[in-house]
Amino acid sequence: MQMRLRSGGTEGLLAEKLEALITQTRAKQAATMSEVEWRGRTVPVKIDKVRIFLLGLADNEAAIVQAESEETKERLFESMLSECRDAIQVVREELKPDQKQRDYILEGEPGKVSNLQYLHSYLTYIKLSTAIKRNENMAKGLQRALLQQQPEDDSKRSPRPQDLIRLYDIILQNLVELLQLPGLEEDKAFQKEIGLKTLVFKAYRCFFIAQSYVLVKKWSEALVLYDRVLKYANEVNSDAGAFKNSLKDLPDVQELITQVRSEKCSLQAAAILDANDAHQTETSSSQVKDNKPLVERFESTPGTDGALKRFVMLLQYHGFEMNSSLL
C-alpha cells in the first residue's frame, strides 16, 4: 500500500506496477481463503472483497509502522480505514436480505450471533482499533507540538490542550462502540481488556483537561483533576495483570503518574506565588496617595508619640520620604 503513496515519475510508475502485481497475487490467494479465526471462533469468509482486505491486513499494518513520515503514516491510516469501510459495507449488504439475521441470534443458541454478523463485528473491531491507533498517533504529534511551541504566529493556529482533549474524546467513543459489538457481550476477557484501555485514555484525557485549567490559573480545579488521573492510572496498574501484553502499545501510565506528581508540586508552588501576587496588588490598589507632608499625617494619627514624629521630621529634613503603610 505504501508504494502507491510515493511520488510520481519512473519510480511512481514502477510502484504502480508492483502494486497491481500484489493486488493480483492477493486476489489469487483470496480464492483459497475460506475462513478466519478471531477470539476463539472460526467463521467462513465467502466474500472476495473481504478476503482480499483480510489478506492484506498484516502488510497494511506493517507499512504504517514503517512509514518514514507522519504525513505518509496518516495517508496509510486513511487508506486502510477506507478499505475496511468498503469491506464492512459489503458484509452489511449481505446481512440485509435475510430477515431472520436481523436479530443476529442463532436459533437455539441464545447470545451467539450468526457467522456473517460475527464477521461484521470482526471487521468493525479492525476499523475501530485502527481509528484509535490513528487518533493516538495524532495525539502524540500534538503533544510534541505543544512542548516545542514557539511564540504565537498570527499566520497559523497554534495547537492547544483542547485539541488533545477532543482526540481523546473520540478514542473513548470508539472504545464504547467496541464494548457494544454483537457477539462479544459474554466475552469477559474482551470486556476487561477494553475496560482497562478505557481507563488509560481517561487518565490522559483528564491530564490534558487539568493542563488547560492550569493555563487559566484555576489551581484547585486542576489539582482535583490531577488526583483523578492518579486514581485512573493506579487502577490500571493494579488490574492489568494478565492484560499487560494487550496494553504494551498504549501510552505509559507509569510515566504519566511520574509527570502528574511533578505537575502537582509545580502547581502548588504556582498557586502560592499567584496568591501572594494577588495580595500585593490588592494592597497596592487600596493605598490612596496623600499629598500632605508625612509629619502632618502623623499629627492626625492618634497614638503617635513625639519621638517618632521628630524622627520623621529629621528624615524629611535630610530629603527622605517614608511609606506610611510601613508605620
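Within the set Lys100, Lys156, the sole residue that is modelled with pLDDT under 80, charged (D, E, K, R) and either under 30 Å from Leu256 (Cβ atoms) or touching a strand residue (DSSP E or B) at 6+ places or on another chain (Cβ under 7 Å) (or both) turns out to be Lys156.
Yes or no, residue by residue, for (1) in the same structural domain as Glu93 (by TED's automatic domain parsing); (2) modelled with pLDDT of 75 or more; (3) small (Gly, Ala, Ser):
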site	(1), (2), (3)
Leu13	yes, no, no
Glu16	yes, no, no
Ala20	yes, no, yes
Gln24	yes, no, no
Glu35	yes, yes, no
Val43	yes, yes, no
Leu55	yes, yes, no
Ile64	yes, yes, no
Ser69	yes, yes, yes
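Scanning region 204-257 for residues that are more than 18 Å from Lys140 (Cα to Cα) and either polar (S, T, N, Q) or not in a helix (DSSP H, G or I) (or both) gives Val216, Lys217, Lys218, Ser220, Asn234, Asn237, Ser238, Ala240, Asn245, Ser246.
The values are calculated or read from the model by the stated rules, or taken from the named source; none is laboratory data. It should be emphasised that the depicted structure is a prediction, and the values quoted were computed from it without experimental measurement. Positions of Cβ are backbone-derived with ideal geometry, glycine not excepted, and every protein chain shown enters the neighbour counts.
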